[in-house]
Amino acid sequence: MTLTEERSEHLVARRSVRLMVASIVVAAAVGIGLSGLGWLLLSVGGSLLVPALVVALVGAVIATGCWIALGNRRRTKLFLASCLAFTLGASLWTFFFALPVSLLGSATTQAQSEITELTTHSLRVASAQCKVVRSGTMGLLDAPYRVCGFSPGPGFSPFLNYTSLNGRADSGLGFTPVGEAAFPDECTRHLEGPWWAWNRAADGVGDCQIGYTCQGSG
């Protein structure tokens, strides 16, 4: 093999590596964008399946469009495979992880402060106490929202319930160490630590949307 041929093979190999890296980087950017889309589509206590399916559909459309535009080439196949892999990851992120991740950070500290404020008065008057928060967020729940606190009595675990004032009143966030027992006859999904998403939807699997389970009162 001549020196010129060796250089030519070396250049071809380097070009192939660059194309492979570029394909993966672009596919990763698509995956990040799809993850952001899933974040925007989710609502507290709302469907998990529909946003995940929308993310998967958008990713599939992007991959198919690139396949048609670029043709059946080796680099196109690599991009297609990478794009579909990142699309799957974005769909799983949307269904399983986006809501729990939204509550990491200051959400628990904020909730504990609201427990002190609301349930202390709740014990004195023996009823739930509520307030309206008009700025900020609680996870994926944007203000304005209502937070209600209640404590059944000394020695009992307090409970906080967050519901949107702009969206559905039959879904929201719950903050309680009791777990799903605090949500009789409601559909619940454990998110993280003492955090739960709940709704009163009646579709999907059984009486609850896919991803939620029902805690009966009996």
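Annotations
- Search result, residues across the range 33-45 that are in contact (Cβ under 8 Å) with a residue 24 or more places away in the chain, hydrophobic (A, V, I, L, M, F, W, C) and in a helix (DSSP H, G or I): Leu34, Leu37, Trp39, Leu41
- Qualifying residue in the range 124-136 (condition: hydroxyl-bearing (Ser, Thr, Tyr), modelled with pLDDT of 85 or more and within 21 Å of the chain's Cα centre (by Cα)): no
- In the set (1) modelled with pLDDT of 90 or more; (2) part of a loop (DSSP other than H, G, I, E, B); (3) under 19 Å from Val178 (Cβ atoms), the condition left unmet by Thr163 is number (2).
- As a summary of the residue check, Asp170 satisfies the conditions (1) in contact with a Lys or Arg (Cβ under 6 Å, 6 or more places away or on another chain); (2) among the charged types (D, E, K, R); (3) modelled with pLDDT under 80 except for the one numbered (3).
- Within the range 180-198, residues that are at pLDDT 90 or above reach partners that are surrounded by fewer than 22 Cβ atoms within 10 Å (Cβ to Cβ) and among the acidic types (Asp, Glu) with beta carbons closer than 6 Å, at six or more positions or on different chains, in the pairs Thr188/Glu180.
The values are calculated or read from the model by the stated rules, or taken from the named source; none is laboratory data. A quick note: this is a predicted structure, and the numbers were derived from the prediction, not measured. Reconstructed Cβ throughout: ideal geometry from the backbone, glycine too, with neighbour counts over all protein chains shown.
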